[in-house]
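S.K.: Below you'll find the structure I mean.
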Amino acid sequence: MKIEETVAVVTGGASGLGEAAVREIISRGGKATIVDLNEDLGNALSEELGDSAIFCKADVCNEDDVSAMLDSCTSAFGKVTAAINFAGIAVAVKTLGKDGPHPLKLYQKVIDINLIGTFNVSRLASERMQKNTANEDGELGVIVNTASVAAYDGQKGQSAYAASKAGVAGLTLPMARDLASYGVRVNTIAPGLFLTPMLATLPEEALEALASQPLFPQRLGKPVEIAKLACFMIESAYLNAEVIRLDGGIRLP
């Protein structure tokens, strides 16, 4: 699928990795719907990017919100050809710590947003994609989900986050199998340590320590590198049912 013909909905699209993906798609001639709960950031980004972008406030876990967002995208741009799921949260809480066991509601919240929210957007977007006109490969749409290297080597305090991201990695193949007959591909990015707004709040010493962990290059990843991989997944018609780590060779201790 050509980027210039892509109409993407990008969750978590108002900042961080999602914002980078929105910018990359639009810079290459595509269109994007910015999906986020942060209205200030979303509206500001949409205004900056002009007619190729719209902003929709939506909770990825809410079926009505997501359906309304997809309606808005279709109304503005005529179709939905790509769903790129970056919306997610991270918490650092041990299964059992000095304050007692991991709060169950917090664990459920992480699973809800990271895993169920990803599935909710994917399932509803795929329904819209089946109405598209197929290209020369018979392709109607592409889904790009976001896991994490924590899906494979989660650290202490990451039981909720790692489980949610392992779930995203695990649904890649069965979802791709489910949607193959509809001409929709499914791939997943598993990022390592990237300089997102969340990481940028850490002290300089902490950032330097994190930057030393990848094998090479020894630095934090740049959001645009994730954005370029997402676009590669959109463009590469033979890439399907894959989870690709983008992490500089890091293995979390």
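S.K.: Just the residues that are out of contact with any Lys or Arg (no Cβ under 7 Å at 6 or more places or on another chain), of a type outside the set (Lys, Arg) and not in a helix (DSSP H, G or I), please, taken from the range 116-138.
M.R.: GLN130, THR133, ALA134, ASN135, GLU136, ASP137, GLY138
S.K.: Also, quick follow-up: Given the options LYS79, LYS98, LYS105, name the one that is within 30 Å of ASN240 (Cβ to Cβ) and either surrounded by fewer than 17 Cβ atoms within 10 Å (Cβ to Cβ) or modelled with pLDDT of 95 or more (or both).
M.R.: Values: LYS98 fails: within 30 Å of ASN240 (Cβ to Cβ); LYS105 fails: within 30 Å of ASN240 (Cβ to Cβ).
The unique qualifying residue is LYS79.
Residues are listed down the side, and each one gets a yes or a no for (1) of a type in the set (Gly, Ala, Ser); (2) under 30 Å from GLU136 (Cβ atoms); (3) out of contact with any strand residue (DSSP E or B) (no Cβ under 7 Å at 6 or more places or on another chain):
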| residue | (1), (2), (3) |
| --- | --- |
| ARG177 | no, yes, yes |
| THR188 | no, yes, no |
| LEU193 | no, no, no |
| ALA206 | yes, no, yes |
| PRO214 | no, no, yes |
| PRO217 | no, no, yes |
| LEU220 | no, no, no |
| TYR238 | no, yes, yes |
| ALA241 | yes, yes, no |
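S.K.: Continuing with this model, one more query. Being under 30 Å from GLY78 (Cβ atoms) and in a helix (DSSP H, G or I): is that true of VAL144 here?
M.R.: Taking the combined requirement at face value, the residue does not satisfy it.
S.K.: Can you pull out the residues in the range 153-203 that are in a helix (DSSP H, G or I) and free of Cβ contacts under 8 Å to residues at least 40 places away in the same chain?
M.R.: Scanning the range 153-203 gives ALA162, ALA166, GLY170, PRO174, ASP178, SER181, LEU199, ALA200.
S.K.: I would also like to ask the following. Among the numbered criteria (1) buried (at least 19 other Cβ atoms within 10 Å of the Cβ); (2) out of contact with any Gly (no Cβ under 9 Å at 6 or more places or on another chain); (3) aromatic (Phe, Trp, Tyr), which single criterion is violated by TYR238?
M.R.: Failing condition for TYR238: (1).
S.K.: Helices (runs of 4 or more DSSP H) wholly in the range 1-115 with at least 2 residues that are in contact with a strand residue (DSSP E or B) (Cβ under 7 Å, 6 or more places away or on another chain) and under 22 Å from ALA163 (Cα atoms) - which ones?
M.R.: By residue number, 16-27.
The values are calculated or read from the model by the stated rules, or taken from the named source; none is laboratory data. Quick caveat: nothing in here was measured; it's all calculated off a predicted structure. When we count neighbours, we look across all protein chains shown, and the Cβ atoms used for this are built from the backbone with ideal geometry, even at glycine.
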